[in-house]
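Chemist: Could you have a look at this structure, given as structure tokens, before my questions?
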Amino acid sequence: MSVKNNKKNKSYRSAPKSGGRSGARIKQSAKPQKPAEKSPKPVKKAAKPKKPQSGEASEYSQIIQWYPGHMTKTRRRMEKDIKLVDAVAEIIDARIPISSRNPDIARLTDGKPRIVLLNKCDMADPRATDRWVTYLTKENVRAIPVDCKSGRGVNRFVPVLTELLAPRIESYKAKGMANPSMRVMIVGIPNVGKSTFINRVAGKTKAVSADRPGVTRGNQWFTVSKGFEMLDTPGVLWPKFDDRTVGEHLAFTGAIKSDVMDTELLAIRLLELLCPLRPAEFIERYKLTDDELSLPGHELLSVIARRRGMLISGGEPDTERAAYALLDEFRDAKLGKITLENP
Ligand code: G4P
């Protein structure tokens, strides 16, 4: 099951513009243990808005803030490193192929051959993933669905890369290079699975050399297979989002940590989105009646909290705890394999 974006979202190359709340900014938090480039500076938390009444749940987008200050540095670094590679592998999240993609990638990658890896496909709707592969193929983009956690699909990477780079390899050979080594750079937003992919593909192979002229200090190159090297410092870019949907989808999937935004409002939004699409699963999982399923999101969250015995003193439902549980379950695909965006 998947959620359709509106017509404006059709373009794979641009972020969706559905009901965009211009100026709503995403306050982002990447993993704290990751390199500084991946973790934009924390910013002051926005004031918590009043709880939504029925139909107001989406107002939560106003509290999401995004400060793109680190972007210039990342962009410059990528522009520099891109000159040293022959191809780019862009990792996106198969559950949100539009929102997890930076629309600037094509320009930044300087026309280099590209492969798109639809990662986390173990948690995405397989039919939607097939539709995305078909769509991307029609757009002349080489797309491979992968599950880097189990390794499924990853072995297709080198054969597809070999095919993609065949003309380039031939041209190097024609210039007299006997065994040209092709270099690939991995790009993708934080938490999309770049490190997991690199570990899978590079395995235990040693870095070929720690630094190369013109390459940012600290970059390492790994031999992926004979004739292929991979830059192990992945380019990290965030999509631009002046759009509520992108922020929501990144937050639902855990790309943006929910502790920097109102978790209850986010969970309410998720309920409103998924209940109509997955009624049977919600009824079964949360022991809901048909009538309860059509309650406004904030009331439904209270019912779920009660049903699960999540109560605070005085017997009131602990909606915050229920919200965390719901989001965790979605992120762990316990609500099913769900793709939120269609081509
Ligand atoms: P990054 O370098 O792009 O920031 O992402 P990273 O590889 O660190 O992966 C982020 C999280 O996504 C990790 O989970 C990782 O295990 C998980 N992940 C990566 N690829 C896949 C996939 O194909 N399927 C699934 N289900 N998960 C994937 P984590 O909870 O942060 O860590 P851990 O569970 O590995 O300890």
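Derivation of every value follows stated rules applied to the coordinates shown; laboratory data play no part. Small disclaimer: the values here were computed from a predicted structure and weren't measured. A quick note on method: Cβ atoms are made from the backbone with ideal geometry, for glycine too, and the neighbour counts reach across all protein chains shown.
Chemist: Rounded to the nearest 5, what is the percent of antiparallel bridges among the DSSP beta bridges in the stretch 70-236? Kindly include the intermediate steps, with their values, before the conclusion.
Modeler: Working: 6 of 26 bridges.
Taking every DSSP beta bridge with both residues in the stretch 70-236, the antiparallel ones total about 25 percent.
Chemist: Evaluate the charge dipole of the stretch 70-236 about its Cα centre and quote only its size in Debye, nearest 20, assuming +1 on the Cβ of each Lys and Arg and -1 on the Cβ of each Asp and Glu.
Modeler: Details: 30 positive and 17 negative charges, 59 e Å.
Computed about the Cα centre, the dipole is about 280 debye.
Chemist: Taking the stretch 77-112, which trypsin sites (Lys or Arg not before Pro) meet the DSSP loop condition and have no more than 11 other C-beta atoms within 10 Å? Walk me through the intermediate numbers first.
Modeler: Numbers: sites: Arg77, Lys80, Lys83, Arg95, Arg101, Arg107; in loops: Lys83, Arg95, Arg101.
Sparse-neighbourhood loop trypsin sites (Lys or Arg not before Pro): Lys83.
Chemist: Hand me the tally of lysine pairs in the stretch 70-236: alpha carbons under 15 angstrom apart, and the pair either on different chains or 8 or more positions apart.
Modeler: Numbers: Lys80/Lys112; Lys83/Lys112; Lys120/Lys149; Lys120/Lys194; Lys149/Lys194; Lys204/Lys226; Lys206/Lys226.
Step by step, the pairs that qualify in the stretch 70-236 add up to 7.
Chemist: Follow-up. Write out the GluC sites (Glu not before Pro) in the stretch 128-202 meeting two conditions: DSSP loop, and at most 13 other Cβ atoms within 10 Å of their Cβ. Before the final figure, lay out each step's value.
Modeler: Working: sites: Glu139, Glu163, Glu170; in loops: Glu139.
Taking the stretch 128-202 and a limit of 13 other Cβ atoms within 10 Å, the loop GluC sites (Glu not before Pro) found are Glu139.
Chemist: Shifting gears a bit: Using the count of nearby Cβ atoms within 10 Å as a rough guide to exposure, how do Tyr286, Tyr135 rank from fewest to most? Numbers along the way, then the final one.
Modeler: Values: Tyr286 22, Tyr135 16.
Ascending Cβ contact count within 10 Å gives the list Tyr135, Tyr286.
Chemist: Still on this structure: For Val246, Val201, what's the fewest-to-most ordering of other Cβ within 10 Å of each Cβ? Before the final figure, lay out the partial values.
Modeler: Numbers: Val246 28, Val201 24.
Arranged by neighbour count, lowest to highest, Val246, Val201 become Val201, Val246.
Chemist: While we're here: Averaging sequence separations of C-alpha pairs under 8 Å and six or more residues apart, then dividing by the length of the stretch 255-336, give the relative contact order as a whole percent.
Modeler: On the way: 71 pairs, mean separation 24.8, N = 82.
Rounded, it is 30 percent for the stretch 255-336.
Chemist: Can you give the relative contact order of the stretch 70-236 as a percent, counting alpha carbon pairs under 8 Å and 6+ residues apart? All intermediate terms of the calculation are to be shown ahead of the outcome.
Modeler: Details: 267 pairs, mean separation 42.4, N = 167.
Computed over the stretch 70-236, the figure is 25 percent.
Chemist: May I pose another question? What order do you get for Thr245, Thr162 when you list them from fewest to most C-beta neighbours inside 10 Å? Display every interim value, and only then the final one.
Modeler: On the way: Thr245 26, Thr162 14.
Ordered by Cβ neighbours within 10 Å, fewest first: Thr162, Thr245.
Chemist: Leu277 to Thr72: extension gain in nm, 0.36 nm per residue of separation minus the Cα-Cα distance? Let's see the in-between values first.
Modeler: Working: separation 205, 0.36 × 205 = 73.80 nm, distance 3.93 nm.
Gain on extension, Leu277 to Thr72, equals 69.9 nm.
Chemist: Points 7 angstrom from Cα along the Cβ direction at Ala333 and Val141: gap in nanometres?
Modeler: Calculated label separation equals 2.1 nm.
Chemist: On a full-extension model of 0.36 nm per residue, what is the gain between Glu163 and Ser195, subtracting their alpha-carbon distance, rounded to one decimal in nm? Mind showing how you got there, number by number?
Modeler: Details: separation 32, 0.36 × 32 = 11.52 nm, distance 2.41 nm.
Gain on extension, Glu163 to Ser195, equals 9.1 nm.
Chemist: Shifting gears a bit: Filter the trypsin sites (Lys or Arg not before Pro) in the stretch 287-329 to those in DSSP coil with at most 14 other Cβ atoms within 10 Å of their Cβ, and list the result.
Modeler: Details: sites: Lys287, Arg306, Arg307, Arg308, Arg321; in loops: Lys287, Arg308.
Filter output for the stretch 287-329: Lys287.
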